[in-house]
Amino acid sequence: MKKCLLSVAILCVAAISAKAQFSLGAKAGINFSKISTDNVKESTVAGYQAGLFARFGSSLYLQPELYLGSSGGKFDFNSNGSTVTSDGKVTFTSLNVPLLIGKGFGGDNLNVRIMAGPIFSYILDKNQNFSDNVSGAYNDFGNYKKSTLGYQVGGGIDIGHITADLRYEGGLTKINENYGQRQNLWALSVGFKFF
């Protein structure tokens, strides 16, 4: 009987400590993205992100996420240095899955964090607007891949159940091989840990 009670007590303590080491939450935020391109001037567009995250561990942690986001870029095409210019814009709606490893400095009520890890993005929808001049001269400029692999690095802070992150995301794979296009962005998000 003592062994049974001891086993139940050990299981309860393990479950309580495991629960303290796990959190689940929702997050939302804004981002500013740009698609870097060979020989074309590019600029940023604003987008959004919203989804869920889980965190395993406290001081050293693993944080997988799943969120929907929008990103893209604007382009200014200059025809051989003349005054004739054309522009274009593309926006993506994508499903993003980062897997971050982080380190926390602090306790439950105030925790400062750093993190880094890979991110997989799958494009669900694409909206592009290029002028006829661009479409004729760059016939495969908007030929974008459906999925990419990138990385995220950043920092964050937790105050009680509220969490905020600032991250940079860079592209490891090109979104369009022919023009050397890679997407990168800055993202600011706020979240709430349910437990």
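The values are calculated or read from the model by the stated rules, or taken from the named source; none is laboratory data. This is a predicted model, so every value here is computed, not measured. Neighbour counts are summed over all protein chains in view; Cβ atoms, including those assigned to glycine, are modelled from backbone coordinates with ideal geometry. For the accessible areas, the whole protein counts, side chains as well, though only heavy atoms, and no ligand, DNA or RNA atoms are used. Shrake-Rupley method; radii C 1.70, N 1.55, O 1.52, S 1.80 Å.
This table checks each residue for (1) buried (at least 18 other Cβ atoms within 10 Å of the Cβ); (2) among the polar types (S, T, N, Q); (3) modelled with pLDDT of 95 or more.
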{"site": "N133", "(1), (2), (3)": "no, yes, no"}
{"site": "N139", "(1), (2), (3)": "no, yes, no"}
{"site": "N143", "(1), (2), (3)": "no, yes, no"}
{"site": "G150", "(1), (2), (3)": "yes, no, yes"}
{"site": "G154", "(1), (2), (3)": "yes, no, yes"}
{"site": "G171", "(1), (2), (3)": "yes, no, no"}
{"site": "I175", "(1), (2), (3)": "yes, no, no"}
{"site": "G180", "(1), (2), (3)": "no, no, no"}
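Within the option set Y179, Y151, Y168, being touching a Phe, Trp or Tyr at 6+ places or on another chain (Cβ under 7 Å), under 15 Å from L100 (Cα atoms) and of a type in the set (F, W, Y) holds for one residue only, Y168. In the stretch 26-40, the residues that are open to solvent by 30 Å² or more (accessible area, probe 1.4 Å) reach residues that are in a loop (DSSP other than H, G, I, E, B) with C-beta atoms within less than 7 angstrom, at least six apart or across chains, in these pairs: F32/T44; K34/T44; D38/G180. Scan the stretch 58-85 for residues that are open to solvent by 20 Å² or more (accessible area, probe 1.4 Å), more than 17 Å from Y144 (Cα to Cα), at pLDDT below 90 and part of a strand (DSSP E or B) and the total you get is 3.
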